[in-house]
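Before any comments, here is the structure.
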Amino acid sequence: MESALASRKVIISAEEIIDTEEIRRNPGLTSIPYYAVDAVVEAPHGAYPGTCPGYYSSDSAAVMEIFQAIRSDTVGEYIEKWITPFETHAEMLHARVGVAKLLELRSQESIREGYHP
C-alpha cells in the first residue's frame, strides 16, 4: 500500500470488478484504499502467464519461455510473437493460449481467497 500512497497515479488491474456492497461486507480484504486509486481496469487473465490466487495458476511453460528468451537474448523475438501482433491482451490470449488452456489453469488453482464466498 505504501507504494500506492507514494505514487502520483494508481491504476489497478483487477481480475473482476465486484459489487461495492461486497467490499463493504469485507473491508479488511481491500489492500489499497479508494482515495489512493485513480482508475480500476477489469482485465480477466491479466496476470497470465503468472498466477492470480483464487482464480488460476501460472502457465509454467509460458513462464519458462520468458526466462529462456531473457537468458538467450531473444526477447525481441518473444515480443514479436506474444505482444506486437495484438491490439489487446484478450486478443493475445485467444490467439496464443486458447480457452481450453485458460480453463485448465483455472482448474489447477487451489487457493480460494479474497471475495469468493
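Of note:
- Within the range 1-65, trypsin sites (Lys or Arg not before Pro) in DSSP loop having at most 13 other beta-carbon neighbours inside 10 Å: ARG8, LYS9
- Computed about the Cα centre, the dipole magnitude for the range 54-109 is approximately 120 debye when only Lys and Arg (+1) and Asp and Glu (-1) carry charge, each at its Cβ.
- Debye equation applied to the C-alpha atoms of the range 54-109, log10 I(q)/I(0) at 0.31 Å⁻¹: -1.16
- With the charge dipole of the chain set up from +1 on Lys and Arg Cβ and -1 on Asp and Glu Cβ about the Cα centre, the Cα lying farthest toward the positive end among the listed residues THR74, SER57, VAL97 is that of SER57.
- Placing +1 on each Lys and Arg Cβ and -1 on each Asp and Glu Cβ, with no other charges, gives the chain a dipole about its Cα centre of roughly 180 debye.
- Count Lys and Arg as plus one, Asp and Glu as minus one, and take only other residues whose Cβ is under 14 Å from that of ILE32; the net charge is then -1.
- Across the chain, Cα-Cα pairs more than 18 Å apart make up 62 percent of the total.
- Rounded to the nearest 500, the helix-only mean residue ellipticity at 222 nm of the chain stands at -10000 deg cm²/dmol, with each DSSP H run of n ≥ 4 adding -39,500 (n - 2.57).
- Here r is the Cβ-Cβ distance between PHE67 and VAL41 and R0 is 22 Å; the resulting FRET efficiency, rounded to 0.05, is 0.25.
Read-outs throughout are calculated quantities, based only on the coordinates presented, and are distinct from any laboratory measurement. Note that the structure is a prediction, hence the values are computed from the model and not measured. Cβ: placed from backbone, ideal geometry, glycine included. Neighbour counts: every protein chain shown.
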